[in-house]
Amino acid sequence: MTSEPFRLTDNNAPRPREKNRDKLLSMTLVALFCVLMIVSAKISLLSFPVPLTFQLPMAVLSGMFLGWRRGLLTQTLYLVMGLAGLPVFASGGGLSYVFTPTFGFLFGFVPCAFVGGYMYDKIFRNQFSVRAEYAFYFLCGLVAVIVAYICGTAYMYVFFKYISADGLSSWPISKIIGTAVLPFIWKDIFLIFPIIYMAKRLKYLTRRA
């Protein structure tokens, strides 16, 4: 009678093929959402001082669907591509974008995806009733949108105050909010609802794949 030594194995540990598959899927999704950010930037209604695009809802979706790590990577990659000169922003690209009053809104996509994705990931692990679940998911999207607008508003205020030579240094923060935030934020808040549905649906589909 022979006996083999007992070995402790982790049946739940990911196999090499599964790891490679997950890495490939992650890279594909990050690249896909970079493309979606570019497309959403080109679908815009230009208005002063903020171009009306669908980039912010897409940034929120990238965080809530991809998770905070990949969402953060997606938005950082998109920002770097634009600053490097690739025409991925609404009006092109290049370092000159840093010297525009709306650059803060572009930069805001990065913390927006991080915050929305981080909150979503933490809440997604818990069990809630359907009604409470959607309320929490809406809160994730709302906080992400607000973070993006805070970044954009703060940058615009500093730009007008210390950089711009257009005589706008006298603009108070209240006027910037009234001009660059209030006319646009309602659209982004409304779009949180379809974003929640898409994030949940896409997570379900990728888990089945």
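The values are calculated or read from the model by the stated rules, or taken from the named source; none is laboratory data. Keep in mind the model is a prediction, meaning the values are calculated, not measured. Cβ placement follows ideal geometry from the backbone for every residue including glycine, while neighbour counts extend to all protein chains displayed.
So here's what we get for this one:
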| read-out | value |
| --- | --- |
| Checklist (1) surrounded by fewer than 19 Cβ atoms within 10 Å (Cβ to Cβ); (2) part of a loop (DSSP other than H, G, I, E, B); (3) not charged (D, E, K, R) applied to Pro101, failing item | (1) |
| Any hit, the stretch 104-121, residues being under 17 Å from Leu52 (Cα atoms), at pLDDT below 95 and surrounded by fewer than 21 Cβ atoms within 10 Å (Cβ to Cβ) | no |
| Long-range neighbours under 7 Å by Cβ, at least six apart or interchain, first residue under 17 Å from Leu106 (Cα atoms) and touching a residue at least 60 places away in the same chain (Cβ under 8 Å) within the stretch 172-185, second in a helix (DSSP H, G or I) and aliphatic (A, V, I, L, M) | Ala180/Met156 |
| Flag for Gln55 being in contact (Cβ under 8 Å) with a residue 40 or more places away in the chain, surrounded by 17 or more Cβ atoms within 10 Å (Cβ to Cβ) and out of contact with any Cys (no Cβ under 7 Å at 6 or more places or on another chain) | yes |
| Residue that is touching a Pro at 6+ places or on another chain (Cβ under 8 Å), modelled with pLDDT under 80 and surrounded by fewer than 10 Cβ atoms within 10 Å (Cβ to Cβ), where the choices are Leu8, Leu45 | Leu45 |
| Single residue of the stretch 191-209 satisfying the filter (among the hydrophobic types (A, V, I, L, M, F, W, C) and within 16 Å of the chain's Cα centre (by Cα)) that is farthest from Phe105 (Cα to Cα) | Leu202 |
| Flag if Phe109 is within 30 Å of Arg21 (Cα to Cα) and either in a helix (DSSP H, G or I) or free of Cβ contacts under 8 Å to residues at least 60 places away in the same chain (or both) | yes |
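Per-residue answers, yes or no, for (1) at pLDDT below 85; (2) in a helix (DSSP H, G or I); (3) more than 18 Å from Leu52 (Cα to Cα):
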site	(1), (2), (3)
Val158	no, yes, yes
Tyr162	no, yes, yes
Trp171	yes, no, yes
Gly178	no, yes, no
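Residue by residue, here is whether (1) surrounded by 13 or more Cβ atoms within 10 Å (Cβ to Cβ); (2) charged (D, E, K, R); (3) in contact with a strand residue (DSSP E or B) (Cβ under 7 Å, 6 or more places away or on another chain) holds:
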residue	(1), (2), (3)
Phe159	yes, no, no
Asp166	no, yes, no
Pro172	no, no, no
Gly178	no, no, no
Val181	yes, no, no
Lys200	yes, yes, no
